[in-house]
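The values are calculated or read from the model by the stated rules, or taken from the named source; none is laboratory data. Note that the structure is a prediction, hence the values are computed from the model and not measured. FYI the Cβ positions are ideal-geometry reconstructions off the backbone, even for glycines, and counts take in every protein chain you see. Surface areas here come from the heavy atoms of the whole protein model, side chains and all, with no ligands, DNA or RNA. Shrake-Rupley method; radii C 1.70, N 1.55, O 1.52, S 1.80 Å.
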Amino acid sequence: GAPTQIGMRGFRTAFMGNPLDSKVLILLNGRRAGTGNAAKIMTENIERIEIIRGPASVQYGSAAIGGLINVITKQGEGDPSTFAEGELGSFGRKKGAVGVSGEIRGFDFSGSFSRTSEDAYTTAEGKKYRNTGFDKKEYTSLNLGYTFLPGNRIGFIYTGFNADKVGNPSSMSLNDLDDYSNRSNESIDFIYDGSVPDSPISWKARYFTGQDRHVFYDPADSDPGGMIPDDGLPEKRDIDTRGAQAQVTYNPDQYRITAGWDWSSHEIDSDYSGEYEYDNPSSFLLGNVNVLNRSVTLTAGLRFDTYEVTNQNGGDTVDDQHTTPSLGIAWLPIDNLKLRANYSEGFRMPTGSGLFGSTYYEPNPDLEPEKMKTYEAGLDFGYQALETSLTYFFNDFEEMIVADEIDSGIRPYQYRNIGEATTSGLEGSLSWDAGSLLHWGWSFEPYGSFVYMTKYENERTNKDLPYVSELTASWGLRVGDNRGFSGDLNFSYTGEQRITYPDERKGGFTVANLSLRQRIAKIRNDGDLALKAEVRNLLDKQYAYVEGYPMPGRSFYLGLRYTY
């Protein structure tokens with residue numbers, strides 16, 4: 001409930017939420033979300049989530065090495081509608097949410113607000129894991145727009161997250177009872193989407209600004225047994241983000257070309273890593289063309305980034321530049337079958353804490369960007385109610401930034417470009433709606449997906465990369481009667497991993513979740529009332545994503561949702 005990571009092909013978002021440290025990038029409506037912590041992203045007002053696996057640096061720049069998640073806010077359309085929802089559940093959980101969406105005379109609007117509170121939870125072994133609750137979490141989303149000419153819309157988006165008294169326990173064996181943090185993330189976007197009627201030319205412009213804030217409170221002498229002396233002072237980390245985007249697309253019949261310019265700025269003020277500013281202007285060119293009666297699509301892209309990192313305390317500045325290409329081909333040899341191959345590069349620029357040092361790390365102004373080359377090939381097949389996909393990927397990761405112990409200097413560690421890694425694997429997915437195929441009048445859809453890593457090794461140490469599972473998989477069953485009932489039974493497997501503290505193996509585990517929804521009343525023209533139920537960790541499995549920090553045992557949730 002506090003830090004939530006997203007992993008993809010062995011890479012992850014930043015554990016503590018600093019997006020500059022991520023190797024998987026989180027976007028909000030096509031621009032940087034300003035955080036690497038997925039727990040800060042709203043869930044009530046989402047239209048769709050786009051996922052790109054593998055490097056996406058050509059279009060989105062630094063940190064999109066393993067892939068990216070693009071969370072897209074709902075845009076109002078049609079007649080106005082509203083909803084209200086309430087939920088109660090295990091561990092004293094209480095949640096309320098409201099929302100509105102629609103369009104009136106060219107003005108579109110969509111928004112939601114939710115508030116949740118929850119007490120400390122109990123593990124599957126029946127032990128109370130104290131200081132794991134939170135006083136409140138609030139998510140706010142607002143998307144407003146006005147279409148003043150056909151194909152021309154100006155928009156405003158506000159996204160907010162605020163959490164108070166989020167528990168920060170130590171491990172189960174040394175549970176700290178009163179540490180907590182306050183967290184927030186807010187952003188504002190101003191957007192203009194335009195086009196020329198009956199013309200292949202369109203454009204987009206955006207300016208955004210936001211702040212990500214984390215304040216950690218560790219009361220003096222609060223640790224169990226007084227093992228670690230504390231000064232009782234709060235530790236903070238603020239990240240102020242600004243940015244602008246502009247792009248023009250020319251899209252006639254058989255090809256498409258997009259030219260774009262991006263600028264982003266991050267000002268970081270941290271009690272741990274100091275104060276520094278990260279400035280990153282860039283430009284890119286993307287294109288695709290359809291040939292051979294549209295059976296073959298060729299794609300290419302090129303991006304040029306410059307960045308400047310300035311130490312606000314000492315005034316030192318480090319600057320560099322990076323060029324990123326990509327190439328791809330997709331072929332439709334027969335109906336329903338696509339064969340594809342792609343080459344792409346990704347990079348992650350060094351952060352200010354690595355360049356200029358922090359509490360425990362000596363500075364290293366010679367740090368180079370991390371770089372990765374990815375080769376992949378795959379196929380997609382769909383026939384009637386069957387959809388399947390299979391991809392092989394190979395990653396060559398160079399200039400890996402690793403925290404290294406040093407013998408000289410005031411601080412015991414230093415970030416250095418001393419790591420190289422080769423990773424490769426297979427990922428696939430399958431879904432089949434048997435109910436639709438057999439005309440049962442209701443859906444019956446088994447599904448599954450997996451990522452199997454055939455290699456994930458640090459070539460310097462000859463050890464497996466930490467916190468990477470050889471196999472991760474998800475499978476389950478979705479059902480629905482098309483008259484108001486739906487259900488989803490999901491199993492998620494996380495395989496064995498090497499962990500670094502201590503350097504050993506952590507076993508794999510499977511977690512099951514069940515969610516059900518039933519419309520219980522249709523009130524003519526006055527809306528629908530639906531009952532929602534959920535069981536998380538259905539099999540009451542004792543498991544932990546981080547060693548020593550067990551997750552909740554079986555828990556139950558029940559809610560009502562009214563839609564008008």
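Suppose the filter is within 23 Å of Y549 (Cβ to Cβ) and either aliphatic (A, V, I, L, M) or modelled with pLDDT of 95 or more (or both); does L142 pass it? No: the conditions fail for L142. Whenever a residue of the range 465-477 is modelled with pLDDT under 90, its partners that are of a type in the set (A, V, I, L, M) and surrounded by fewer than 17 Cβ atoms within 10 Å (Cβ to Cβ), lying with C-beta atoms within less than 8 angstrom and at least six residues away or across chains, give the pairs P466/I499; Y467/I499. Per the listing Q75, Q59, the residue uniquely at pLDDT below 90, polar (S, T, N, Q) and either out of contact with any Cys (no Cβ under 7 Å at 6 or more places or on another chain) or on the phi > 0 side of the Ramachandran plot (or both) is Q59.
Would you be able to say whether some residue in the range 367-379 is in a strand (DSSP E or B), hydroxyl-bearing (S, T, Y) and under 22 Å from the mean Cα position of the chain (by Cα)? There is at least one residue in the range 367-379 that is in a strand (DSSP E or B), hydroxyl-bearing (S, T, Y) and under 22 Å from the mean Cα position of the chain (by Cα).
Between F394, F450, F347, F444, which is touching a residue at least 12 places away in the same chain (Cβ under 8 Å), among the aromatic types (F, W, Y) and touching a His at 6+ places or on another chain (Cβ under 8 Å)? Give the derivation first.
Details: F394 fails: touching a His at 6+ places or on another chain (Cβ under 8 Å); F450 fails: touching a His at 6+ places or on another chain (Cβ under 8 Å); F444 fails: touching a His at 6+ places or on another chain (Cβ under 8 Å).
Only one candidate passes the filter, namely F347.
For the structure I just gave you, tell me whether K506 is open to solvent by less than 80 Å² (accessible area, probe 1.4 Å), touching a residue at least 12 places away in the same chain (Cβ under 8 Å) and closer than 22 Å to Y467 by Cβ. Before you say what the answer is, go through the steps one by one.
On the way: open to solvent by less than 80 Å² (accessible area, probe 1.4 Å): yes; touching a residue at least 12 places away in the same chain (Cβ under 8 Å): yes; closer than 22 Å to Y467 by Cβ: yes.
Taking the combined requirement at face value, the residue satisfies it.
Might you check whether a residue that is farther than 28 Å from K95 by Cα, open to solvent by 30 Å² or more (accessible area, probe 1.4 Å) and of a type outside the set (D, E, K, R) occurs anywhere in the range 526-544?
At the first step, the residues of the range 526-544 found to be farther than 28 Å from K95 by Cα are none.
Taking every residue of the range 526-544 in turn, none turns out to be farther than 28 Å from K95 by Cα, open to solvent by 30 Å² or more (accessible area, probe 1.4 Å) and of a type outside the set (D, E, K, R).
To keep it simple, each residue is scored yes or no on (1) modelled with pLDDT under 95; (2) open to solvent by less than 50 Å² (accessible area, probe 1.4 Å); (3) out of contact with any Leu (no Cβ under 7 Å at 6 or more places or on another chain); (4) hydrophobic (A, V, I, L, M, F, W, C).
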residue	(1), (2), (3), (4)
N251	yes, no, yes, no
I257	no, no, yes, yes
S265	yes, yes, yes, no
D271	yes, no, yes, no
N280	yes, yes, yes, no
L285	no, no, no, yes
N293	yes, no, yes, no
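Restricting Y467, Y501, Y447, Y456 to those that are surrounded by fewer than 17 Cβ atoms within 10 Å (Cβ to Cβ) and under 28 Å from the mean Cα position of the chain (by Cα) reduces the list to Y501.
Across the range 21-39, the qualifying residues are those that are open to solvent by 10 Å² or more (accessible area, probe 1.4 Å) and outside any strand (DSSP E or B), and the one among them that is nearest to W263 (Cα to Cα) is G30.
Is there a residue in the range 133-146 that is in a strand (DSSP E or B), within 19 Å of Y543 (Cβ to Cβ) and open to solvent by less than 30 Å² (accessible area, probe 1.4 Å)? Steps first, answer last, please.
As a first pass, look at the range 133-146 and keep what is in a strand (DSSP E or B): 134-146.
Then drop every residue that is not within 19 Å of Y543 (Cβ to Cβ), which leaves none.
Checking the range 133-146: not a single residue is in a strand (DSSP E or B), within 19 Å of Y543 (Cβ to Cβ) and open to solvent by less than 30 Å² (accessible area, probe 1.4 Å).
Scanning the range 402-440 for residues that are polar (S, T, N, Q), open to solvent by 60 Å² or more (accessible area, probe 1.4 Å) and touching a residue at least 40 places away in the same chain (Cβ under 8 Å) turns up just one, S436.
Would a scan of the range 364-372 turn up a residue that is surrounded by fewer than 17 Cβ atoms within 10 Å (Cβ to Cβ), at pLDDT below 95, under 30 Å from E398 (Cβ atoms) and in contact with a strand residue (DSSP E or B) (Cβ under 6 Å, 6 or more places away or on another chain)? Yes, some residue in the range 364-372 is surrounded by fewer than 17 Cβ atoms within 10 Å (Cβ to Cβ), at pLDDT below 95, under 30 Å from E398 (Cβ atoms) and in contact with a strand residue (DSSP E or B) (Cβ under 6 Å, 6 or more places away or on another chain). If you check G559, G553 for being in a loop (DSSP other than H, G, I, E, B) and on the phi < 0 side of the Ramachandran plot, only one passes: G553.
Looking only at the range 60-91, which residues are of a type in the set (S, T, Y) and within 26 Å of the chain's Cα centre (by Cα)? Across the range 60-91, the qualifying residues are Y60, S62, T73.
Is it the case that the range 84-102 has a residue that's open to solvent by 10 Å² or more (accessible area, probe 1.4 Å), among the acidic types (D, E) and not in a strand (DSSP E or B)? No - not one qualifying residue is present in the range 84-102. Taking the range 57-82 as the range and being of a type in the set (A, V, I, L, M, F, W, C) and either open to solvent by 10 Å² or more (accessible area, probe 1.4 Å) or not in a loop (DSSP other than H, G, I, E, B) (or both) as the test, the residues that pass are V58, L68, I69, V71, I72.
Criterion applied to G508, G553, G480 was being of a type in the set (G, A, S) and farther than 28 Å from E118 by Cβ, and the one residue passing it is G480.
The single condition among (1) in contact with a Phe, Trp or Tyr (Cβ under 6 Å, 6 or more places away or on another chain); (2) open to solvent by 10 Å² or more (accessible area, probe 1.4 Å); (3) outside any loop (DSSP other than H, G, I, E, B); (4) polar (S, T, N, Q) that S114 does not satisfy is (2).
Would you check which residues across the range 529-549 are assigned to a loop (DSSP other than H, G, I, E, B) and of a type in the set (D, E, K, R) and list them?
We begin by selecting, within the range 529-549, every residue assigned to a loop (DSSP other than H, G, I, E, B); these are 537-545, 547-548.
Residues satisfying the conditions are D540, K541, E547.
Every test in (1) under 30 Å from A2 (Cβ atoms); (2) out of contact with any helix residue (DSSP H, G or I) (no Cβ under 8 Å at 6 or more places or on another chain); (3) open to solvent by less than 60 Å² (accessible area, probe 1.4 Å) is passed by D212 save one, and that test is (2).
Tallying residues that are part of a strand (DSSP E or B) and open to solvent by 40 Å² or more (accessible area, probe 1.4 Å) within the range 147-167 yields 9.
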